[in-house]
């Protein structure tokens, strides 16, 4: 069985821009007790929680696209490096106000499949810190005290323009 094909199919359904309803069908590709570990968040225990997280992300970047940069399979384990790119038109991760910027994020995933080709575990790590910097939500590393103050004033001014 080609487990990499199954991982690609799961990603296509989860992140489809052309068929938003495809996310509802990812359960066909996972075991009922599949476990999702997403970045620094607490363990996402259920498929439904993973789907909810994807919906929040897609609301922030409705045109979000992904591409596989690398894909490696060893037995029933698949590791992948991906790039996500989308326009920040809604609240990013539910809390960063829209900027209209085109944002890009790289991530690594490791997926464990069972012998039937169903996803049993998924681990995901991404450069979310870098994304927050590019979105202007936090200052860049090495920014001194004056830069932090400038960032805070700009953020306040931007938020006041959006929500007078």
For segment 58-70, give me each residue that is surrounded by 16 or more Cβ atoms within 10 Å (Cβ to Cβ) and either in contact (Cβ under 8 Å) with a residue 60 or more places away in the chain or part of a strand (DSSP E or B) (or both).
66
Can you find a residue in segment 107-122 that is farther than 24 Å from residue 42 by Cβ and in a strand (DSSP E or B)?
no
Look at residue 131 and say whether it is farther than 22 Å from residue 21 by Cα and within 12 Å of the chain's Cα centre (by Cα).
yes
Confirm whether residue 29 is in contact with a helix residue (DSSP H, G or I) (Cβ under 8 Å, 6 or more places away or on another chain), surrounded by 13 or more Cβ atoms within 10 Å (Cβ to Cβ), touching a residue at least 40 places away in the same chain (Cβ under 8 Å) and within 28 Å of residue 99 (Cα to Cα).
no
Yes/no for residue 98 being surrounded by 17 or more Cβ atoms within 10 Å (Cβ to Cβ), over 26 Å from residue 48 (Cβ atoms) and either touching a residue at least 12 places away in the same chain (Cβ under 8 Å) or touching a strand residue (DSSP E or B) at 6+ places or on another chain (Cβ under 6 Å) (or both):
no
Hey, does segment 44-57 have a residue that's in a strand (DSSP E or B) and at pLDDT 90 or above?
no
Matching entry among 86, 39, 90 (being out of contact with any strand residue (DSSP E or B) (no Cβ under 7 Å at 6 or more places or on another chain) and farther than 15 Å from residue 7 by Cβ):
90
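The values are calculated or read from the model by the stated rules, or taken from the named source; none is laboratory data. Quantities reported herein were computed from a predicted structural model and do not represent experimental measurements. Cβ sites come from the backbone with ideal geometry, for glycine too, and all protein chains shown count toward neighbours.
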